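Colleague: What follows is a structure written as structure tokens; I'll ask about it next.
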Amino acid sequence: MLAKGQPVPIAGTDDEPFSILADDGTIRPGTDAPEIPDEQALKLYRGMLQVRLVDDRMMKLQRQGRLGFYMLSMGEEATHFGGAYPLRMSDWCFPSYREPGVFFWRGYSIKDYVNQLHGNIEDPVKGRQMPVHHSANWLNMVSISSPVGTQIPQAVGLAMGAKISKKDDVSLVYFGEGATSTGQFHVAMNFAGVFKAPCILFCRNNGWAISTPGNKQTASKSIAIKALAYGMPGIRVDGNDLLAIIAVMQDAVARARAGEGPTLIEAVTYRRGGHSSSDDPSAYRDPSEPKEWEAKDPLERWRRHLESRKLWTQELHDKYSQEITEELMACVKAAGELGNPAPETLFDDVFAELPPHLEEQKAEMMSRPRPKPAHGGH
Amino acid sequence: MARLSYREALNQAMCEEMERDDSIFLMGEEVGHYQGAYKVSQGMLQKFGEKRVIDTPIAECGFVGVGIGAAMTGLRPIIELMTWNFSLVAIDQIVNNAAKIRLMSGGQFKMPVVFRGPGGAAGQLGAQHSQALEYMYANVPGLKVVMPSTPADAKGLLKMAIRDDDPVIFIEGERLYGVQGEVPDGDVVVPLGKADVKREGTDCTIVSWSKMLTVALEAAEVLAKENISVEVVDPRTIKPLDGETIYQSVRKTNRCVVVEEGHGFSNVGAEIVARVQRNCFDDLDAPIERVHRMEIPMPYAANLEAMITPDVPRIIAAVKRVMYLPESKPESKPQSKVE
């Protein structure tokens with residue numbers, strides 16, 4: 001709660017990011033760790049593992065020419081689950097394009113995911129969007145926008161809307177540190193602060209915006225410190241420490257729900273892969289850099305934590321891997337065999353109802369002979 | 001019937017809709033305590049309170065984006081832009097987001113938001129305050145574009161725009177706010193996508209909208225004294241465009257002039273001309289003429305502004321050209337034929 005005349009709490013701005021789990025997975029002495037029940041702790045592990053395995057397979061499919069485009073999350077999985085875990089289902093999430101784990105945590109199936117990438121007849125967005133641009137209204141997950149930063153004012157608007165509708169739901173919006181250079185980030189921070197919107201602005205600071213490093217993105221000491229100017233708490237947290245992210249998120253959600261306004265969270269992590277399948281980072285960054293970050297892998301740290309709680313075994317890991325891989329392979333096979341969306345669906349959803357000019361264009365299109373697709377899928 | 005100004009008609013439309021439906025709210029710069037930059041929201045803060053009449057910081061991409069997010073929760077925001085010129089600051093939100101979210105999400109999200117505010121030149125406001133931007137928004141699939149020219153249309157169309165489940169670009173005539181007219185009492189709506197014949201005639205059809213519609217009507221009045229009978233058609237909704245009403249008129253008069261406030265290239269008038277020639281080719285007795293602003297950013301000096309803006313003499317000259325009548329006498333204001 002920000003009372004008049006009090007300084008805005010900025011955790012970890014000048015120091016190391018706030019962290020709870022040590023590299024060996026134990027809880028750092030003197031930290032107040034949130035309680036995660038065993039079953040949930042394992043579910044979080046399985047979720048992060050699923051993102052890792054799905055990413056690996058999808059990138060291979062892209063390289064084989066079976067997907068047009070893909071974006072990896074490798075090394076950033078803790079930010080997905082740390083953000084998603086403290087929310088309830090009536091809360092909303094505005095993802096950017098690198099948080100598939102949030103979708104999975106809220107119930108988006110591997111089947112939905114793979115079908116979206118293929119843009120086939122069972123794609124939840126009907127073959128309309130680029131791969132990785134998922135949308136799941138039934139999970140309160142909002143359509144992903146390609147231009148970075150546009151979702152930030154929208155998330156603030158959704159939070160304000162919840163307030164106007166007298167609901168205590170909150171919205172969580174993800175963006176990279178690159179998006180903090182856009183005007184939309186700044187107007188959204190300002191609106192969120194002025195209107196005390198129940199919104200959590202979550203910056204995945206992964207160090208690179210395509211080829212632009214963090215130090216070319218801002219002259220600020222951190223992203224979190226920017227919160228100070230907008231009158232909200234800014235928290236800098238270790239983005240590879242699932243427990244620490246959950247802790248700061250739980251605080252932020254509680255504040256938002258209690259009507260105390262927004263929080264900016266900066267999760268410090270690292271983009272170990274390229275920006276997308278179209279990018280080759282060896283052209284612009286030292287290959288030793290991603291190697292260093294492999295040692296701070298969030299999945300491995302959580303594994304060690306589970307091991308310290310005597311929850312993790314190799315057998316359990318193998319079981320999860322096998323289940324996920326089998327489901328994934330079945331979905332990939334099915335997705336490749338499913339047909340493309342029917343041409344007559346092309347005009348659906350431009351508007352709620354088909355206006356006369358589109359009816360005419362649809363009739364004209366349907367009267368033409370149908371071109372044969374180049375090949376089955378992509 | 002009551003006699004209301006265009007401004008009062010818009011105010012009445014918003015108030016009646018907000019009384020009917022709690023999910024509607026108004027947001028923008030100066031809409032509350034200042035009572036609206038053009039006083040369209042006069043009294044609304046007092047009536048509906050700060051939760052539903054929301055003054056915002058000065059950042060179009062902020063409150064336009066906020067409106068889009070609020071619409072996704074099922075609310076029906078009315079977002080006031082102080083002028084459509086400033087919508088360019090929020091173009092990414094309107095074009096890349098509001099227009100496309102329904103489609104990109106496979107129909108999962110609806111976008112019942114109205115973006116409204118004044119457009120067109122209002123007299124000596126210079127290059128950044130005088131643009132007629134309807135052509136830009138009309139070119140974007142997923143947006144509807146509405147431009148009322150009378151108080152009655154302003155009220156009836158705004159009510160329908162608010163009830164529409166798609167994003168509506170509602171461009172008010174900046175020089176029409178004070179215009180008075182008869183407005184039906186109560187919940188009388190005007191459907192989107194329906195043109196209106198504002199004056200009946202037999203010799204030539206003029207198609208025009210918003211402020212230029214009123215200039216076209218003046219020209220028709222002058223021409224009537226010369227026994228030239230002009231029919232004036234107001235599309236009212238630019239998109240979806242009601243072509244049929246325009247074609248019916250042209251099939252009767254066999255001549256057509258399109259008058260618009262904006263620049264000529266790729267503008268709405270070009271689209272109307274393309275459609276009329278395709279649908280009325282055998283009915284036309286002359287090539288269709290266009291009257292529009294010259295392709296210069298709007299100057300400030302009043303004499304220069306008048307030179308590039310469509311006016312009654314230029315409209316009359318265009319009508320006479322399509323009727324193969326001699327142009328006005330040389331002592332009158334020099335005419336410039338705009339290609």
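Colleague: Just grab the label-to-label distance for B:M294 and A:D24, each label 7 Å out from Cα along the Cβ direction, in nm (one decimal).
Modeller: Between B:M294 and A:D24, the simple spin-label model gives 8.3 nm.
Colleague: I would also like to ask the following. For the range B:18-97, calculate the relative contact order in percent as a whole number, restricting contacts to Cα pairs under 8 Å that are 6 or more residues apart.
Modeller: 35
Colleague: Now a separate question. Using the 10 angstrom Cβ neighbour count as an exposure proxy, how do A:L346, A:L201 rank, fewest first?
Modeller: Going from sparsest to densest Cβ surroundings: A:L346, A:L201.
Colleague: Please return the longest range in chain B lying between exposed loop sites, taking chymotrypsin sites (Phe, Trp or Tyr not before Pro), DSSP loop only, at most 13 other beta-carbon atoms within 10 Å, and leaving the sites out. Walk me through the numbers on the way to the answer.
Modeller: Details: sites that count: B:Y34, B:F265, B:Y300, B:Y324.
Answer from the scan: B:35-264.
Colleague: May I pose another question? Considering only C-alpha atoms, what is the centroid distance from the range A:210-286 to the range B:1-62, in Å?
Modeller: When both Cα centres are located, 38 Å separates them.
Colleague: If I model a spin label at B:N96 and A:R88 as a point 7 Å from the Cα along the Cα→Cβ vector, what separation in nanometres do I get?
Modeller: So the label points at B:N96 and A:R88 sit 3.5 nm apart.
Colleague: When only Cα pairs under 8 Å and 6 or more residues apart are kept, what is the percent relative contact order across chain B?
Modeller: 15
Colleague: What do you get for GluC sites (Glu not before Pro) in the range B:35-93 restricted to DSSP loop and a cutoff of at most 13 other Cβ within 10 Å of the site's Cβ?
Modeller: Within the range B:35-93, the qualifying GluC sites (Glu not before Pro) (loop, at most 13 other Cβ atoms within 10 Å) are B:E50.
Colleague: According to the square roots a ≥ b ≥ c of the eigenvalues of the Cα gyration tensor, what is the shape class of the range B:2-183, taking rounded for a/c under 1.5, prolate for a/b larger than b/c otherwise, and oblate for the remainder?
Modeller: rounded
Colleague: Please work out the FRET efficiency for the pair B:K194 and A:R66, using the Cβ-Cβ distance as r and a Förster radius of 60 Å; give the result to the nearest 0.05.
Modeller: 0.80
Colleague: Taking other Cβ within 10 Å of each residue's Cβ, how do B:S249, B:S23, B:S105, A:S146 sort, fewest first?
Modeller: Neighbour counts put them in this order, fewest first: A:S146, B:S23, B:S249, B:S105.
Colleague: Now for a different question. Please compute the length gained on full extension between B:F265 and B:F86, using 0.36 nm multiplied by the number of residues separating them and subtracting their Cα-Cα distance.
Modeller: 62.3 nm
Colleague: I'd like the distance between the alpha-carbon centres of the range A:287-330 and the range A:105-123, rounded to an integer number of Å.
Modeller: 23
Colleague: May I ask you to evaluate 6.51 cos²θ - 1.76 cosθ + 1.60, the Karplus curve with θ = phi - 60°, for each residue of the range B:243-250 and list the ³J(HN,Hα) values in order in whole Hz, giving x for glycine and proline?
Modeller: x, 4, 4, 5, 4, 4, 5, 5
Colleague: Okay, moving on. Which one of A:V170, B:L10, B:L143 is farthest out on the positive end of the charge dipole of the protein assembly as shown, using unit charges on Cβ (Lys, Arg +1; Asp, Glu -1) and the Cα centre as origin?
Modeller: B:L143
Colleague: I'd like the FRET efficiency for A:K362 and A:D38, computed as 1/(1 + (r/R0)^6) with the beta carbon distance as r and R0 of 51 Å, rounded to 0.05. Before the final figure, lay out the partial values.
Modeller: On the way: r = 55 Å, r/R0 = 1.08.
Working from the Cβ atoms, E equals 0.40.
Colleague: Also: Using the Cα centre of the range A:295-378 as origin and beta-carbon charges of +1 (Lys, Arg) and -1 (Asp, Glu), tell me which of A:H305, A:M365, A:F351 is placed farthest towards the positive end of the dipole.
Modeller: With unit charges placed on the Cβ atoms, the residue in question is A:H305.
Colleague: What trypsin sites (Lys or Arg not before Pro) in the range A:290-334 are in a loop by DSSP, with at most 15 other Cβ atoms within 10 Å of the Cβ?
Modeller: Loop-located and lightly packed - A:R309, A:K310.
Colleague: A further question follows. Quick one: grab the alpha carbon gyration tensor of chain B, order the square roots of its eigenvalues as a ≥ b ≥ c, and give me rounded if a/c is under 1.5, else prolate or oblate depending on whether a/b is larger than b/c. Show your work: numbers first, answer last.
Modeller: Details: a/c = 1.81, a/b = 1.71, b/c = 1.06.
Prolate.
Colleague: Turning to a different aspect of this structure: Could you give the nm distance between label points at B:A302 and A:S109, where each point is 7 Å from its Cα heading toward the beta carbon?
Modeller: 7.1
Colleague: Which FRET efficiency value, to the nearest 0.05, is calculated for A:S220 and A:R285 with the Förster distance at 30 angstrom and r the Cβ-Cβ distance?
Modeller: Working from the Cβ atoms, E equals 0.90.
Colleague: Relative to the Cα centre, what is the charge dipole magnitude of the protein assembly as shown, using +1 at the beta carbon of each Lys and Arg, -1 at the beta carbon of each Asp and Glu, and rounding to the nearest 20 debye? Intermediate results must be reported in sequence, preceding the final value.
Modeller: Numbers: 79 positive and 94 negative charges, 35 e Å.
The dipole of the protein assembly as shown has a size of about 160 debye.
Colleague: Here is a further query. Below 8 Å, C-alpha to C-alpha, sequence gap of six or more: please give me the relative contact order for chain A in percent. Before the final figure, lay out the partial values.
Modeller: On the way: 680 pairs, mean separation 89.2, N = 378.
For chain A, the relative contact order is 24 percent.
Colleague: Loop-only check: which trypsin sites (Lys or Arg not before Pro) in the range A:111-175 are DSSP coil with at most 15 other Cβ within 10 angstrom? List each step's numbers first, then the result.
Modeller: Values: sites: A:K111, A:K126, A:R128, A:K163, A:K166, A:K167; in loops: A:K126, A:R128, A:K166, A:K167.
Answer by residue number: A:K166, A:K167.
Colleague: Another question, then. Determine the shape class of the range A:245-335: with a ≥ b ≥ c the square roots of the Cα gyration tensor eigenvalues, call it rounded for a/c under 1.5, and otherwise prolate if a/b is greater than b/c, oblate otherwise. Before the final figure, lay out each step's value.
Modeller: Values: a/c = 1.55, a/b = 1.17, b/c = 1.33.
Since a/c reaches 1.5 but b/c is at least a/b, the shape of the range A:245-335 is classed as oblate.
Colleague: Mind checking which of A:I121, A:I223, A:I200 has the largest fluctuation in a GNM of chain A, springs on alpha carbons under 10 Å?
Modeller: A:I121
Colleague: Ok, one more. Could you check which residue among B:A224, B:A154, B:A37 shows the biggest mean-square fluctuation in a GNM of chain B with a 10 Å Cα cutoff?
Modeller: Looking only at B:A224, B:A154, B:A37, the largest GNM fluctuation is found for B:A224.
Colleague: Which one, B:V140, B:V257, B:V168, has the greatest fluctuation when you compute a Gaussian network model over chain B with C-alpha springs under 10 angstrom?
Modeller: Highest fluctuation among the options: B:V140.
Colleague: Residue separation times 0.36 nm, minus the C-alpha to C-alpha distance between B:H33 and B:K252: what's the value?
Modeller: 73.7 nm
Every number here is computed from the coordinates shown, using simple stated rules; none is lab data. Because the structure is a prediction, the values reported are computed rather than measured. Ideal geometry is used to build each Cβ from the backbone, glycine not excepted, and the neighbour counts take in all protein chains shown.
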